[in-house]
Amino acid sequence: MPQFYTLPTAIGEAKIANAISLGRTVEITKLAIGDGGGSLPTPDSDRTSLVNEIRRAAINTSVVDDDNPNWIVVEQVLPPDIGGWTIREIGLYDADGDLIAYGNYPETYKPVLSEGSGRTQTIRFVMQVSDTAAVTLKVDPSVVLATRQLVDDEIDEHAQSRNHPDATTTAKGFMQYGTSEETRQGTRTDRAAHLAGVKAAIDDRVADQDTVDTGTNDTKFVTPKKLKAWATSWVKQATETVVGMLKVATQAQVEAGEDDKTAVTPKKMRWGFDSNLASTGYIVFPTWLAGLIIQWGIYYHSPGWSTVGFPITYPNAPLWVGITDVDQSPGDTEYFSLDVFYGNEGVTQTHFKFTDNIGGGGRVRWFSIGH
């Protein structure tokens with residue numbers, strides 16, 4: 001007799017025999033693992049429990065052996081975080097909690113991650129019965145792990161089949177390639193376009209030179225080369241005598257006033273112009289009008305020297321300042337003098353100074369030109 005083997009328990013044999021006679025099944029739900037109390041046990045059909053059970057959990061897979069139709073193969077996966085003990089015995093339990101089959105197991109230590117080593121281990125239990133139809137093995141996929149071999153087998157089986165859902169606009173799936181003609185027509189919603197079909201569809205949509213030159217087709221697109229050829233045939237530089245196209249002038253070209261092949265926009269023509277038409281105000285002309293600035297105002301002055309600030313600063317320099325007395329009566333002989341030669345004591349970019357000969361004060365009007 002072999003050293004390691006499994007056998008049905010007395011309870012298991014009775015339940016299986018009863019199930020066969022009544023046309024029912026025995027539902028296997030759990031696989032238990034034990035350490036045999038420290039030594040390797042000998043399988044005994046009278047057992048009703050493991051010598052020293054350390055874990056009982058749901059089975060992962062159950063199949064009938066391909067080469068032995070009376071063998072039921074049951075597997076349970078032990079994850080890396082389960083262990084810390086030696087496996088010496090295994091058993092199968094049914095839904096009623098009865099031990100249906102029992103066997104010993106080659107001594108195998110199952111490490112746990114906290115010990116510094118961990119692995120996923122699969123425990124396999126093979127049970128021989130006279131009628132496999134009388135035994136049902138229940139697998140709960142929500143609480144068990146699948147072995148890599150099982151996953152590989154299932155994926156391979158699925159990949160080899162045609163049991164795949166069709167793709168839609170709202171769900172992923174598989175789709176058949178359309179022909180080149182179907183791709184050109186673009187009416188099928190249940191076909192995928194392949195490269196040759198896409199190229200054929202694109203080629204059909206490219207306008208030739210005659211179509212571009214005619215300009216009546218609204219279903220084809222134009223390539224840059226054909227567009228350039230079409231444009232070159234009639235687009236010309238506009239002159240005083242030739243109707244054509246003009247480039248918009250830059251601000252620098254507008255200000256320089258030398259280019260005769262570009263167009264001036266209203267914004268660039270007005271650029272630099274500003275005004276304030278109040279009693280004290282200014283007008284700023286664009287750069288292409290020499291950047292001339294005219295400023296004016298009314299000032300209430302006290303006796304002695306007065307300083308009048310310009311409404312805006314001259315970017316370059318003031319050119320002239322004129323002044324007159326608003327409150328002068330007929331016959332008055334007062335006059336005004338301007339110091340225009342001594343920096344901050346006369347006319348500057350920001351202000352000018354003046355005084356009168358009688359020191360009486362009053363209102364004056366002033367006018368200035370600069371740039």
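Each reported figure results from applying straightforward, stated rules to the coordinates on display, with no laboratory input. It should be emphasised that the depicted structure is a prediction, and the values quoted were computed from it without experimental measurement. Ideal geometry is used to build each Cβ from the backbone, glycine not excepted, and the neighbour counts take in all protein chains shown.
Bridging of Lys110 to lysines at a Cα separation below 21 Å is possible for Lys30, once same-chain residues fewer than 8 apart are set aside. Calculated FRET efficiency, Arg191 to Thr120, Cβ-Cβ distance, R0 = 51 Å: about 0.70 to the nearest 0.05.
May I ask for the distance between the Cα centers of the stretch 30-76 and the stretch 247-294, given as a whole number of Å? For the stretch 30-76 versus the stretch 247-294, the Cα centre distance is 99 Å. Take Gln237, project a point 7 Å from its Cα along the Cβ direction, then tell me which residues of the stretch 247-265 have their backbone nitrogen under 18 Å from it. Under cut-off, by backbone N: 247-250, 253-254, 257-264. Of the trypsin sites (Lys or Arg not before Pro) found in the stretch 239-290, those that fall in a DSSP loop while having at most 13 other beta-carbon atoms within 10 Å are Lys261. Restricting the trypsin sites (Lys or Arg not before Pro) of the stretch 183-225 to loop positions (DSSP other than H, G, I, E, B) with no more than 14 neighbouring Cβ atoms within 10 Å leaves Arg188, Lys220.
Checking the cross-link pairs Lys226/Lys261; Lys226/Lys268; Lys228/Lys268 against a 28 Å limit on the alpha carbon distance flags Lys226/Lys268; Lys228/Lys268 as lying beyond it.
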